[in-house]
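Have a look at the structure below before the remarks.
Please treat every number below as a calculation from the coordinates, not as lab data. Just so we're clear, the structure is a prediction, and the values are computed from it rather than from any experiment.
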Amino acid sequence: MIWLQSMKIYAAKEAGFCFGVKRALEVIDRLHELGHGVQVYGQLIHNRSVLDDLKARGIDCIDSSKELDANKTLIIRTHGIPKEIEKTLKKNKVNYVDATCPLVKKVHKIVEKIASQNKNTQILIIGDKNHPEIVAAKSYSPDALIINSQEEAHRLENKDSISVVAQTTMDADFFEKIISILKGKTGNLHIHNTICKATKVRQEAIKKLAPQVDSVIVVGGKNSANSKKLYNIALQKNKNTFFIEKSSDLHHTDFIEKMSSFRSVGITAGASTPPGEIEKIEKLLRNLNINAGKETNHGRRKRNPGHEYRNQ
Ligand code: SF4
């Protein structure tokens, strides 16, 4: 039996589902409740438990137009789809609802507008070239370049003009580093900081919380861009940072053993992580804490990391 020391548990104020994800799930729930058959184009969001839940309700994510079911309403995922695919859906009069997050849509619109109005500027998209949001953004300007590292920014040729947009879930500090490199590449830099507010506030919250606790748990899908960024940010501030997909990952004995050496833990979650997962983790840690309380009483003063305090 492993006994934990009495542990303080803090959840970041800003964590879990963002506006874009909630909006998309509400659309699906409404249609489902009204008895409509529903399909989703691509993975609605990058979170396994949410996708499993949709599947259990008969809602499948499809990867191509070939899998379309004419009797169902198609939902466009939060990350959006390439322009050509949307055109084909319209042409074929497919019954669809666009649940692309408006903030992702904004990035696509900016790229489209610059491509049509300013042929003399090099459009630069900063982000992961394989992420659906960026694949869709690039479809609005096939000549746009995509970069995702400082090395790639350094390797760029000098240009008369560069117009930049960012993946909505980008690390704000990384974006600033790229911008300072680009300033040396052109005298005419047009910056569109399209990192979304939900991303910024989650990153700021974990930046403050991580150095003030002994350990950090980040909950999110392994393929969720914003969750991975949260993990990297937390890890820079606190080497005892763990990335898990769901609360049940905590049940492993070796994890509990690791946690036994910490007196405080901070929890955060990506924008596609259901709030229920954070609550389950808090509950699990609290239960361990109850056992610890029976065994030890260190009488340590409570530190106040300035975040919502859920348990002690
Ligand atoms: S992380 Fe931002 S851009 Fe992405 S779905 Fe949420 S609110 Fe929209």
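Data table
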| read-out | value |
| --- | --- |
| The range 48-118-the range 210-225 distance, computed between alpha-carbon centres (Å) | 29 |
| The chain: C-alpha gyration tensor shape, a/c 1.5 cut-off, then a/b vs b/c | oblate |
| Gaussian network model of the chain, springs between alpha carbon atoms under 10 Å - residue of Leu250, Leu209, Leu89 with greatest fluctuation | Leu89 |
| Choice from Gly220, Gly16, Gly276 with maximal GNM fluctuation in the chain (Cα, 10 Å cutoff) | Gly276 |
| Per-residue HN-Hα couplings for the range 76-91 [Karplus 6.51, -1.76, 1.60; θ = phi - 60°; Hz; x = Gly/Pro] | 7, 4, 4, 7, x, 10, x, 3, 5, 5, 5, 4, 5, 4, 5, 4 |
| Under the Karplus curve 6.51 cos²θ - 1.76 cosθ + 1.60, θ = phi - 60°, whole-Hz ³J(HN,Hα) for the range 18-27, x wherever Gly or Pro sits | 9, 4, x, 6, 4, 4, 5, 5, 5, 4 |
| Cα-based shape type of the range 103-195, given that a ≥ b ≥ c are square roots of the gyration tensor eigenvalues and the cut on a/c is 1.5 | oblate |
| Note, ³J(HN,Hα) from phi for the range 233-244, Karplus 6.51, -1.76, 1.60, rounded to Hz, x at Gly and Pro | 5, 5, 5, 5, 9, 8, 5, 8, 10, 10, 10, 10 |
| Equivalent ellipsoid, the range 19-100 (semi-axes from 5 times Cα gyration tensor eigenvalues, Å) | 19, 14, 12 |
| Among Val201, Val216, Val165, residue whose mean-square fluctuation peaks in a GNM of the chain (springs only between Cα atoms under 10 Å) | Val201 |
| Rounded to 5, percent antiparallel among DSSP beta bridges of the chain | 5 |
| Rounded, prolate or oblate (a/c below 1.5 giving rounded, otherwise prolate when a/b exceeds b/c) for the range 1-140 by Cα gyration tensor | oblate |
| CD proxy at 222 nm, helix term only [per DSSP H run n ≥ 4: -39500 (n - 2.57); per residue of the chain; nearest 500] | -12500 deg cm²/dmol |
| Flagged links, alpha-carbon separation over 22 Å, of Lys90/Lys129; Lys106/Lys183; Lys109/Lys197; Lys177/Lys200; Lys109/Lys138 | Lys90/Lys129; Lys106/Lys183 |
